[in-house]
Structures are given as C-alpha cells and as structure tokens.
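Quick notes on the structure that follows.
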Amino acid sequence: MRKPLSSVGTLFSLDTDARDGLLDISETSNELALSFEGDGSSCRVYNDEDDAEFALAFDTDAWVVLGFSWSWSNGAMTYTLAIDSAQDTVSISGVRPFMDRIDSSHMWGNSRITQFGLVRLFSTFLESYIHSIHLKNTGNLTDLVADQAGRIAGLWTCAHDTFFNELTSTCEACNALCLDGCVRDSLINCRCWDIECRDCRDFNEGAECDSCGLLLSNAKGNNTPCDCKVGFTRDVTNGGEFTNTCDAIPVSPCVASYPRCIKCISNTGNWFSDCTECGPGFFRQFDTGSCLDSCPTGSTADENGICSDPSKEDLTAVTFNGVGNTYKGDPHGTYKLKEGENGEPAPVNTGDRGLHF
C-alpha cells in the first residue's frame, strides 16, 4: 500500500463482540480499528473503547508492505504492526478477546459511526492491494464457523503460504519454493494468474501483467494475457490463455525460401514472415519471422542467430579513459577528438576524469 504523507484516516474497522463475550445480536458491537492520525505518520489501534499508539511511524509515500495482527492472553490484547521489515507491538489490558459475531461488519473503503462517537472516514487517501485477510476467534470461547464457510468472495482467506483451491473449496499448501505465497499448486509461476506473466499488478484472476516472460519462458511483451514469441503459441480453449504455457508450433524444412530460411511454419516461400530458423549468414530479426543478412543498429545476434531487441541496448557507448584522439564505440561508431572549425583546441583526455575542453 501507499498513501500521501500528510493524509489521515482509518485503514480498516472490524466489529468485535461486546465486553461480556456472548454472541448476543441485540448488543452493540465494539470496534477494532487501525488509523493514521496526527501529521499522517502516527499509527493508532482502537479496541473496545480503548486505544494505543505504535512507536512505528508511517513516514513514507512509497509503496510498502503493511501487516497487522493481534492476539489475546490473560485479559490483554496484543497488537503487532509491521511496515516492510520494521515492526512494533503494543498492548491494551482489560479488553475482551476479538470475537467475530454473526452480524459483524468488516469495513474497508467506507464510512461508519463508531462507539467512540466519531464518523470514521474511509476516503480514497491511499492505494492498496489486499494480499490476505484471516480472521479467527479465540478457541474454546465460541463455536467456530468452518474455515471456509464464511469466505469473502474475491478475497483470500487462506494463510500466506497456501492458496484457495476452487475445485475442493479448501486451502492447500504452496510449493515450498514459493516463498511469497502462491495462486496455484505449481512452481512454474507462484504469484501471477497468467502463468506466463513475470510481474503482475495483483494476484487476482485476469490481473494486468506488467512484464511477460519468466525464465526459460517463450512469452513476450506486457499484454494481458501474455503473447507468445515467434514460433510459439498457447492453447486458449477453456481459459487456457492464462493457464497454458507458450509451446512450440510444429515446423518443417523450408524449400521455397531456402537457403535464407531453413525452418518455417507453413513453407509459403515468404522469408519475410514465415521463418523460425535462418540459414548460415542470415539472422532472424527481433520478434519477427524474417531473415536478413544483418541485425539492425543497436541489436546483436545470440548463438542461435536471433537478433536482440534493439530498444534494449545502447546504439553506442564509449568511455574516454585512454590515450590518443580516436576511440571505438561499443558496439558501433568511431569518435575522434578534433580541432574546432575555427581552430579551437581539440578536447584533451585527462585519463581519469574524461575529456577537458
């Protein structure tokens, strides 16, 4: 999540049962809430008409990972707030343990009047992605609802190292190597719904992909769903455009465009779009099925004769740290230190500080 430095407001507010702990719908609910107050950096927890301030300050407008948890023991609630790797813990004595009622409300992005006599404003002062919500009542105090019976549509209620299996309606363990949680039982892609997406906006189905192409993947670009590289395709039936990988299209030896093109998809003789592998002395252009006798400026061929993305490499680069007046650019260009048109002195190489002129 992130928010403007000076913005104040309540991040969430949860109903909790009244002090006697009985699940009596006729009673007024108390509140467990986390708020940003003061100059916007103060973090305060409210519970059962009491409150406490964390020593941890929210003093950044950058994206952070925020976590909040609580526990009850010997008549006191203990709350832990974590902002990235920093965390702080406070306690409030004399309050009941958190008890989720049958008619409880869980408020995010709304407003409510609380038992404090305040109107809590849940305005759009922040941006956030909710990774998971997991509410449990303290054991032996009330009959607990089955773990998934009260599942909130669209929100994860499983632990961070499990995922919700829609087929079995249960939380199942992630692969042990998925250290940041998962959305499926697969190590191919732990986090993103599109199995070919490397960086996604969130974990939800159909979430926008920022960058396609995992390690050893044959996907490209940043479309949603991800596109496949030349010579690859993915089965899009039954939702497969997100769950199937990019697999190789069957190819055959080229006859019509040989020797420029030696492997192609349909052998149409069109060496400008049908080739998947070029012959000796030719290079397959980036993101196309075309074979030319060189890569474009700013692009280099790999060991398979495929040109790299010309937009990802320098057209030329040079460091003026040698002796003499001629320097070779990498990978292209030649630079010469010459006098000006009106006889101005040529730049002088200082050796360790670049050119002086």
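Rule-based calculations on the coordinates, nothing more; no lab input. What you are looking at is a predicted structure, and each value in this text was computed from that prediction instead of being measured. Neighbour counts run over all protein chains shown; Cβ positions are idealised from the backbone, glycine included.
Miscellaneous remarks
- Residue-wise HN-Hα couplings along segment 54-70, as the Karplus relation 6.51 cos²θ - 1.76 cosθ + 1.60 with θ = phi - 60° gives them from phi, are 7, 6, 7, 9, 8, 10, 9, 9, 8, 5, 9, 9, 10, x, 9, 9, 8 Hz; Gly and Pro carry x.
- Taking label positions 7 Å along the Cα-Cβ direction at both ILE130 and ASP293, the computed distance is 6.3 nm, reported to one decimal.
- By the count of neighbouring beta-carbon atoms within 10 Å, fewest first, MET107, MET1, MET77, MET99 end up ordered MET1, MET107, MET99, MET77.
- Given R0 = 22 Å, the distance between the Cβ atoms of VAL318 and GLU344 translates into a calculated FRET efficiency of 0.55.
- Approximate spin-label separation MET1-TYR335, in nm, with each point projected 7 Å along Cα-to-Cβ: 4.9
- Estimated dipole of segment 195-249 in Debye, rounded to 20 [Cβ of Lys and Arg +1, of Asp and Glu -1, Cα centre]: 200
- Antiparallel %, DSSP beta bridges [both residues in segment 251-313], to 5: 90
- Close Lys pairs in segment 222-338, defined as Cα atoms under 21 Å apart and 8 or more places apart or on different chains, number 5.
- Estimated FRET transfer efficiency (GLU166, TRP63; beta-carbon r; R0 25 Å; 0.05): 0.30
- The order of LYS336, LYS263, going from fewest to most other C-beta atoms within 10 Å of their C-beta, is LYS336, LYS263.
- Whole-Hz couplings from phi, Karplus 6.51/-1.76/1.60, listed for segment 75-82; x for Gly and Pro: x, 9, 9, 10, 10, 10, 10, 10
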